[in-house]
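Peer 1: Let me begin by handing over the structure; questions about it come next.
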Amino acid sequence: MLYHLFEYLSKHYQIPGSGLFQFLSFRAAMAIICSLLISTIYGKHIINFLRKQQVGETVRDLGLSGQTEKAGTPTMGGIIIILSTLVPVLLFAKLDNIYIILLLITTVWMGAIGFIDDYIKIFKKDKEGLKGRFKVLGQVGLGIIVGATLYFHPEVTVKEVAKGAGTEVVAITGEMKNNEEKSTKTTIPFVKNNELDYSRIIAWTGENYRDYAWLIFIPIVIFIVTAVSNGANLTDGIDGLAAGSSAIIVIALGIFAWVSGNIIFSDYLNIMYIPRVGEISVYIAAFAGGLVGFLWYNTYPAQVFMGDTGSLTIGGVIAVIAVAVRKELLIPVLCGIFLAENLSVVLQVGYFKYTRKKYGEGRRIFLMSPLHHHYQKKGYHESKIVTRFLIIGIMLAIISIVTLKVR
């Protein structure tokens, strides 16, 4: 809102300083400052409100040290992350930008699913929460909306720059050499000439195969949204792990959004230029600020848990950003913590069922899954587990960023 207000003031009244809001870097900086202030200052009031409403965590006895002390800790703290993201975005972002609109829808959509899940667990005293099929239905619904919008919306385009000439073209004419075009291209990491066009997967169907590329693209988006949101949900098991690792991931995605949405940087790095996607940087700044501010209260010993309200929202947002900046194939690396947590559960359950069928007794690969509980069972303090996971997350983020040049 402030962007559009100051744009009007700058255009019609030339008020000194109003032109600052035209700069993406300024609005991103303001967004993260505002988000940090909201999450740290008002976060305490939200926690006190949740405590008064007796919105406390019900802890199942899993035999983990320090577990019983967590009983009664306020949950649904994802509200802090959501509010401290939405307010700065509404204030500082271009609200007519299609990517910002998609991310706002994602935040509210996934936040609502998570809120319903937490509400059932707490107030209906049902430990299972929202039935799994309804969660998946919600994730699939969001995937359809995101996939269809990114595929069909006329403002979701890419521009090809004549290699090595983009900077010169812009300096002389102020415009791109080539026109914007609709595309289902994405980026393959660590590969030279690293663009994959999803439509090529169905090239065997005939000359008009591009008209049916949505049959490939939309299911891929659905899978990514579902997988990443579930991965974030599983990672939310010990104090600070989900919020900390997610902050690292979204900051890395912010760098991708920044360079992909800037013609100079994209030409220099020889990567795909995506018009208007740079605006995501404002959202990412607000989201990262909300996550870091939430850590103020979520680090060990946690004063609040994010619950599914936060974890499902985090996963959905990360998935949509990754698809929007055409870096979804980097998710296994960038979101390696989420992947490891997900795989540990899949392997544990699958191996247990297999051995029970074969030997009549179920066997386990890990002492407990998800993976962070395995290390708790081995006697590691959860602060040490979180710190080491975050170090690994930083390493994975750096590797992901390096893919901009390493091919």
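The values are calculated or read from the model by the stated rules, or taken from the named source; none is laboratory data. Predicted model only: the values in this text are computed from it and were never measured. In this analysis, Cβ positions are derived from the backbone assuming ideal geometry, glycine residues included, and neighbour counts consider all displayed protein chains. What goes into the accessible areas is simple: the full protein's heavy atoms, side chains included, and nothing from ligands, DNA or RNA. Shrake-Rupley method; radii C 1.70, N 1.55, O 1.52, S 1.80 Å.
Peer 1: What tally of residues in segment 212-226 results from selecting those that are within 13 Å of the chain's Cα centre (by Cα) and either at pLDDT below 95 or at positive phi (or both)?
Peer 2: Adding up the residues that qualify gives 0.
Peer 1: Specify the residue that is farthest from ALA242 (Cα to Cα); the eligible residues are those in segment 92-110 that are at pLDDT 95 or above and open to solvent by 50 Å² or more (accessible area, probe 1.4 Å).
Peer 2: ILE101
Peer 1: Taking the conditions exactly as written (loosely packed, with under 14 Cβ neighbours inside 10 Å and either touching a residue at least 60 places away in the same chain (Cβ under 8 Å) or in contact with a Lys or Arg (Cβ under 9 Å, 6 or more places away or on another chain) (or both)), does LYS192 satisfy them or not?
Peer 2: Yes, satisfied.
Peer 1: Within the group THR106, THR85, which residue is part of a helix (DSSP H, G or I) and within 21 Å of VAL304 (Cα to Cα)?
Peer 2: THR85
Peer 1: State all residues of segment 269-320 that are open to solvent by less than 10 Å² (accessible area, probe 1.4 Å), within 16 Å of LEU234 (Cα to Cα) and among the hydrophobic types (A, V, I, L, M, F, W, C); if no residue qualifies, say none.
Peer 2: Selection gives MET306, LEU312, ILE314, VAL317, ILE318, ALA319.
Peer 1: Criterion first (crowded, with 18+ Cβ neighbours inside 10 Å and part of a loop (DSSP other than H, G, I, E, B)) does SER369 satisfy it?
Peer 2: Criteria met by SER369.
Peer 1: Could we say that ILE122 is hydrophobic (A, V, I, L, M, F, W, C) and modelled with pLDDT of 95 or more here?
Peer 2: So ILE122 does not fit the description; no.
Peer 1: Considering only residues that are open to solvent by 10 Å² or more (accessible area, probe 1.4 Å) and under 30 Å from SER183 (Cα atoms), which ones fall in segment 335-359?
Peer 2: Scanning segment 335-359 gives GLY336, LEU339.
Peer 1: Another one. Taking ALA397 as the residue in question, decide whether it is closer than 17 Å to VAL250 by Cβ and either open to solvent by less than 80 Å² (accessible area, probe 1.4 Å) or outside any helix (DSSP H, G or I) (or both).
Peer 2: It is true that ALA397 is closer than 17 Å to VAL250 by Cβ and either open to solvent by less than 80 Å² (accessible area, probe 1.4 Å) or outside any helix (DSSP H, G or I) (or both).
Peer 1: Among the residues of segment 225-259, what is the count of those that are out of contact with any Cys (no Cβ under 8 Å at 6 or more places or on another chain), open to solvent by less than 30 Å² (accessible area, probe 1.4 Å) and farther than 21 Å from GLU279 by Cβ?
Peer 2: Residues that pass the stated criteria total 12.
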